[in-house]
Amino acid sequence: MSSQNPVLDELTSQEYQHGFVTDIASDSFLPGLDEEVIRKLSAIKGEPEWLLEWRLKAYRHWLTMKEPTWAMVHYPAIDYQKIVYYSAPKTQKDGPKSLADVDPELLATYEKLGVPLEERAILAGVAVDAVFDSVSVATTFREKLSEMGVIFCSFSEAVKSHPELVRKYLGSVVPQGDNFFAALNSAVFSDGSFCYIPKGVTCPMELSTYFRINQANTGQFERTLIIAAEGATVSYLEGCTAPKRDTNQLHAAVVELVALDDAKIKYSTVQNWYPGDREGKGGIYNFVTKRGKCAGKRSRISWTQVETGSAITWKYPSCVLLGDDSVGEFYSVALANSFQQADTGTKMIHIGKNTRSTIVSKGISAGHGQNTYRGQVWIQKGAEGARNHSQCDSLLLGAHCGAHTFPDIQVKNSTAQLEHEASTSKIGEDQLFYCRQRGLSNEDAVSMIVNGFARRVLKELPMEFAVEAQKLLGVSLEGSVG
Amino acid sequence: MNGERGTSEKKEMTMLQIENLHARIQDDGTEILKGIDLTIRAGEVHAIMGPNGSGKSTLAHVLSGRDGYEVTAGRVLYQGKDLLAMAPEIRAREGVFLSFQYPVEIPGVANTYFLRMSLNAVRKHRGLPEIDAMDFMELIEGKAKLLEMEDALMARSVNEGFSGGEKKRNEIFQMAVLDPKLAILDETDSGLDIDALRVVATGINALRSPERAMLVITHYQRLLNYIEPDVVHVLADGRIVKTGDRTLAHLLEEKGYGWIEAEGAAAGTTAAVAKG
């Protein structure tokens, strides 16, 4: 990408204004990135030497890399020196002081989603007492979990309290140099979640990042690491249901999952970052690397995602099926409305014997939205008896949107069985009229038809999430069919 | 005539009044309806028969508000209100029900869920509280039995993978639940075997009531053996060319539509025949 060169030029030719401002009210770095920034970041977090070295190695590698251009997404060049790489939690001074200060359109959306008033305040980033309440709620759960040996804490905490686990697994699924955005994340990640389920334990509750959503202001570079030991089971929810007010913010997260023998990890996401306005101004650039390693025999990793937000989505939650008889699943609904661009899909890498994978992708395009499914199914030489079933369906609403499908299938073992089904359909005038003749408004009809289209995926979500996702699909499509 | 009997003997409310209705296809301007006059009172069942291409389905579509048609002259009053000024969903909520010739599939949306949403939209419009899932299941139980709707059919996606008969039974089942004032049945008998026809007709007959009017559109006389209409109209080339009682349907069965068309031509003006 040509945009990369000026950044590199600047990097090498100029001194940057950066540094840590000690004034509490503005507890953040100045924009810009170099090794000094990373050292400071690491020092503030009190990280051990090995982690600093790990970050620096990632950073040095990142400098040699180019931003990928193969995705079907278009956006102005990102100036990586204009990004603030560390910002302490905002205090009441910088955030909106009350709901009255928050964008009314945003509040209207929350209201439609049925988010209670108190939570609306939290989501909008208003500093209220409830924020602290929810933090303490999280702590209560954590104590209960720790009785069972489950570790669930922030990434920073895990570095301090369980350095041996972090060191063993960090980067074991997504190496520092894996791709441009993962390398950047590895260098500058601010925080995230850490989760360890010990041998034989079934986690008694859904784990969720929801409680930390108020802290999301601090970092667009989260790092999540989940390890399920032998025979352990966990269901993890990632709710990005807070549309952000900021414009064209870069969000480059990394999620790593490790499942040992007979372990099961279910990872569900409902992503609703700010998608930009109707004209395509603003919105989050969501460049995320998510990968799970079925390291053990008979292990299972299941990704379910509902992607309705972000101006750009670049995301391919994948499974490396290393253990014999391991199973990988990917269930996805991606919606692109207005000027949103979604390039998403998965990779299923079959290495072990009798490994199985299932892909169900439902893309919905409306307005000027562009929706791309990109999927790889690789059957390696040793993957005797591997099986894959892929289903990719696209639904178009209106005449100005697009749906694109790029399946990549490589088979190196003749015993493999693969099936790929794909369909593209337009939301039918017939369907809309049928619904309206039964008394439903145009908008309710669209919402119903779209939810029906996505049902196969939505039913994979935990109950409360499914309800939220359904409403979200409806809200996100409002006004898209007239 | 039956139509006149309505006004003279009983003081039934006029449900639908179509006056000089002209409509054409929006895309190419082809005129399909060329001056329809028709009055239906509450409690009456009118049949509209006619050969293919005579405008039967267009009439159903224009009355229910489907896109793609342009009304160029005339007016339609429904319970005294301007029907053509209403959006399709408002017509539905006001009590106009169309049983589709080709019921539409909606994958992933459960039949009962769809119908409950629909019923609640209608109830809301009528100032009634929304009905919850439990009460709804109770409400539909008897109606489902009437139309021989098995539980499996109720749980499946709307019309998806339904047989022709199941689709039509589902339409009449919806009608039974939504309790419309004016039911337009568009070729409800098409694609039905004799058993399915009997079930559908039984359902329709059970829904006949002094408060409800029905407009039964059909190509064949067959359906009218089961649903006896008060009035039969013959539609040809966008006009009602003959109106009579149910014996007219038998005559048509015997002589075919050619007979009407020939007679219409001989009479010089079809409108005169229609008003007979």
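Between B:D245 and A:E49, what is the label-point separation in nm under the 7 Å Cα-to-beta-carbon projection?
With each label placed 7 Å out from Cα toward Cβ, I get 10.9 nm.
Can you give the average number of partner chain beta-carbon atoms within 10 Å of each beta-carbon in peptide A:424-430, as a whole number?
Counting other chains' Cβ atoms within 10 Å and averaging over A:424-430 gives 2.
Most exposed first by the Cβ proxy, i.e. fewest other Cβ within 10 Å, how do B:Y69, A:Y434 rank?
Starting with the residue having the fewest Cβ neighbours, the order is B:Y69, A:Y434.
Under the definition of Cα pairs under 8 Å and six or more residues apart, what whole-number percent is the relative contact order of chain B?
25 percent
Where does each of A:338-349, B:148-159 land if you order them by average Cβ count within 10 Å, highest first?
A:338-349, B:148-159
In peptide A:438-451, what is the residue-averaged number of other protein chain Cβ atoms found within 10 Å of each Cβ?
6
Determine which residues of the range B:45-87 fall in the zone a paramagnetic label at B:E19 would reach in this model, i.e. backbone nitrogen under 18 Å from the point 7 Å along Cα→Cβ.
B:63, B:71-86
Taking K and R as +1 and D and E as -1, what net charge do the other residues with C-beta under 9 Å from the C-beta of A:K297 add up to?
Charge balance near A:K297 sits at -3.
Residues of the range A:365-398 with amide nitrogen under 13 Å from the 7 Å Cα-to-Cβ point of B:D67?
Within reach of a label on B:D67: A:397-398.
Ignore the peptide's own chain and count Cβ atoms of other chains within 10 Å of each Cβ in B:63-72; give me the average, rounded.
2
Counting DSSP beta bridges in the range B:2-275, what percent are antiparallel, to the nearest 5?
60 percent
For every other residue with a beta carbon closer than 12 angstrom to the beta carbon of B:R126, add +1 if it is Lys or Arg and -1 if Asp or Glu, then tell me the sum.
Its environment carries a net charge of +1.
Please report how far the C-alpha centroid of the range A:159-203 lies from that of the range B:176-225, rounded to the nearest whole angstrom.
After rounding, the separation between the Cα centres reads 65 Å.
Kirkwood hydrodynamic radius (Cα pairs, Å) of the range A:334-482?
Result for the range A:334-482 stands at 16.6 Å.
As an exercise, use a Förster radius of 30 Å and the Cβ-Cβ distance of B:D132 and B:A152 to find the FRET efficiency, rounded to the nearest 0.05.
0.85
What net charge do the residues around B:A85 carry, taking every other residue with its C-beta under 11 Å from that of B:A85, with Lys and Arg at +1 and Asp and Glu at -1?
In short, +2.
Relative to the present Cα-Cα distance, how much length would full extension add between A:E36 and A:E429 at 0.36 nm per residue of separation?
Here the segment from A:E36 to A:E429 would lengthen by 135.6 nm.
Bear in mind that the values in this text are calculations on the coordinates, not laboratory data. Only a predicted model underlies this, so the values are computations on that prediction, with no experimental measurement involved. Note: ideal-geometry Cβ built from the backbone for every residue, glycine included; neighbour counts use all protein chains shown.
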